[in-house]
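Readers should treat all values here as calculations from the given coordinates under stated rules, not as data from a laboratory. What you are looking at is a predicted structure, and each value in this text was computed from that prediction instead of being measured. Glycine gets a Cβ as well: all are built from the backbone with ideal geometry, and neighbour counts include every protein chain shown.
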Ligand SMILES: Cc1cc2nc3c(=O)[nH]c(=O)nc-3n(C[C@H](O)[C@H](O)[C@H](O)COP(=O)(O)OP(=O)(O)OC[C@H]3O[C@@H](n4cnc5c(N)ncnc54)[C@H](O)[C@@H]3O)c2cc1C
C-alpha cells in the first residue's frame with residue numbers, strides 16, 4: 001500500500017473498525033438487502049460497528065454481478081476525476097488491510113494495460129504522470145523488463161504498456177462469502193432466499209421491512225441490490241437514472257501458470273488466480289443483432305444453453321490468444337453473464353434516500369474494488385452518524401450528468 005493509501009485509511013478509521021466495538025444497549029437494527037460483495041462488506045462493517053444486522057438476498061450470496069465480475073482491484077488512470085480515483089485508492093488500501101486479517105483470496109502484483117492506438121499515446125503519457133502524482137506506482141514498461149514480467153505474453157502489437165504496481169484481483173465469490181462469515185462472526189444474521197418486498201413506515205421513520213419470509217423490525221435499510229433497477233423507487237421512494245450493461249466472463253479449470261498479473265489489453269482482459277483458474281473478459285461482447293438483443297431483453301443471469309456459453313468463451317479465447325499465443329484451448333468451468341450496477345454517470349450512488357432518510361442506497365460499479373471502503377463508509381454514516389466528506393460527489397440526489405466511459 002502506498003503511503004497515501006495508508007494515511008487515508010488511518011484517517012478513516014478503517015484499522016480501528018477491524019476490532020469489533022462493544023455493542024450499545026439497544027443496537028440499531030439494520031437490514032441489508034443484497035448479499036453481493038457490497039452488501040456483504042456493508043454487513044460486516046455494520047455488525048463490527050455494533051449494529052444488529054440482518055442480511056437478506058432473494059437468490060443467495062454472490063449470485064449476480066459479484067459472481068460474474070472480472071474482479072480487478074484497481075485505481076487505474078481511467079478512474080477520473082480525482083475524487084473518484086481517491087475512493088478507488090481507498091478501496092485498494094482496504095483490500096490490503098482486510099486481506100491480512102481475513103485471508104482473502106487476492107493476487108497482487110499489479111496490472112499491465114496495453115495501448116495499440118497511436119492517437120492515444122500522448123494522453124496515456126499524461127495519465128501515467130498524473131497517476132504518479134496521485135500516489136500510484138504506475139510507469140511504462142517495455143523490452144526485456146516486460147518480457148521478464150510476463151514471459152508467455154506477446155506485447156509486440158502494442159505501442160505502450162503501463163504497469164500499475166498496486167493492483168490485484170480477487171475471487172469475488174469467495175471474498176463475498178468471507179465478508180459474510182465475518183459479519184456472522186460479529187452477530188449478523190444471513191437469510192436467503194429472502195426477497196425484500198416492501199417497507200413499513202410510521203411518521204416518516206422506518207419500522208420494518210417486508211420480506212418473502214415475513215416482516216423484520218428495522219431502524220435502517222441498506223439497499224445493496226445491485227442492478228435491480230426498480231429497488232430504489234420501490235423501497236427508497238426515490239429514483240436515479242441507471243444504464244445497466246451486461247458483461248460476460250469466462251472461468252477455466254485450474255491450469256499451469258500462464259500469466260502473472262492482470263492484463264488489460266485491447267479487446268480482452270485476463271488474469272490468473274492463485275488457484276490457477278484463468279479469468280477472461282471482453283470489451284465488446286458478441287456482434288449486435290436481433291437475436292442477441294432478444295436474448296438480453298429479459299436481463300438474463302445465465303446463458304440459455306451451454307453451447308452459447310461456450311461460444312462466448314471461445315470468442316474470448318481467440319481475442320486473448322492474440323497476446324497469449326499458447327492459449328490454444330480452454331478447459332471452461334463456467335461462463336457468466338451479469339449486469340453491472342451502473343448509475344447513468346458511471347459513479348457510485350451512496351447515501352440516505354432524500355425521500356426516506358432511513359433507507360440507504362449503496363449502488364456502484366467497480367464494486368469489487370470499492371467494497372471495503374463502501375462498507376466502511378456505510379457503517380460510519382449509519383451507526384456513527386458521521387457523514388463522509390469523500391462521498392459528497394456520490395450522493396443520490398446529485399445532478400446526473402453525461403455518461404462517462406469508466
Ligand atoms: C462482467 C463484469 C465485470 C466487472 N469487472 C469489475 C472489475 O474488474 N473490478 C471491479 O471493481 N468491478 C467490476 N465489476 C463491477 C462489480 O462486479 C460490481 O460493481 C459489484 O459486484 C456490485 O456488487 P453488488 O453487491 O452491489 O451487486 P450484486 O453482486 O449484483 O448483488 C446484488 C444482490 O442483491 C440481490 N437483490 C436484488 N434485489 C433484491 C431484493 N428485492 N431482495 C433481496 N435481494 C435482492 C440480488 O439477488 C443480488 O445478490 C464488473 C461487473 C461485471 C458484470
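With the gyration tensor restricted to C-alpha atoms of the chain, the semi-axes of the equivalent ellipsoid amount to 35, 24, 20 Å, longest first.
Please work out, to two decimal places, the log10 of the ratio I(q)/I(0) at q = 0.19, 0.31 Å⁻¹ from a Debye calculation in which every Cα of the range 51-98 carries one identical scatterer. Summing over Cα pairs of the range 51-98 leads to -0.83, -1.03. For the chain, modelled as a GNM with alpha-carbon contacts under 10 angstrom, which of 34, 50, 385 fluctuates the most? Comparing 34, 50, 385 in a Gaussian network model of the chain, the most mobile one is 385. Based on DSSP, what percent of beta bridges with both residues in the chain are antiparallel, to the nearest 5? Just about 70 percent of them are antiparallel.
Placing a pseudo-label 7 Å from each Cα along the Cα-to-Cβ vector at residue 213 and residue 239 gives an inter-label distance of 3.1 nm. May I ask for the angle, rounded to the nearest 10°, between helix 306-321 and the longest principal axis of the chain, with both axes built from Cα atoms and the value confined to 0 to 90°? With both axes taken from Cα atoms, the answer is about 50 degrees. For a paramagnetic label modelled on residue 80 (point 7 Å from Cα along Cα→Cβ), amide N atoms under 16 Å away belong, within the range 129-150, to 129-134.
Would you please state which residues of the range 43-79 a label at residue 195 would reach in this model, taking the label point 7 Å out along Cα→Cβ and a backbone N cut-off of under 12 Å? The answer is 58-59, whose backbone nitrogens lie closer than 12 Å to the label point. Potential lengthening of the chain between residue 103 and residue 140 amounts to 10.2 nm, from the contour at 0.36 nm per residue minus the alpha-carbon distance. Fully extending the segment from residue 152 to residue 328 would add 62.1 nm, taking 0.36 nm per residue of separation and subtracting the current Cα-Cα distance.
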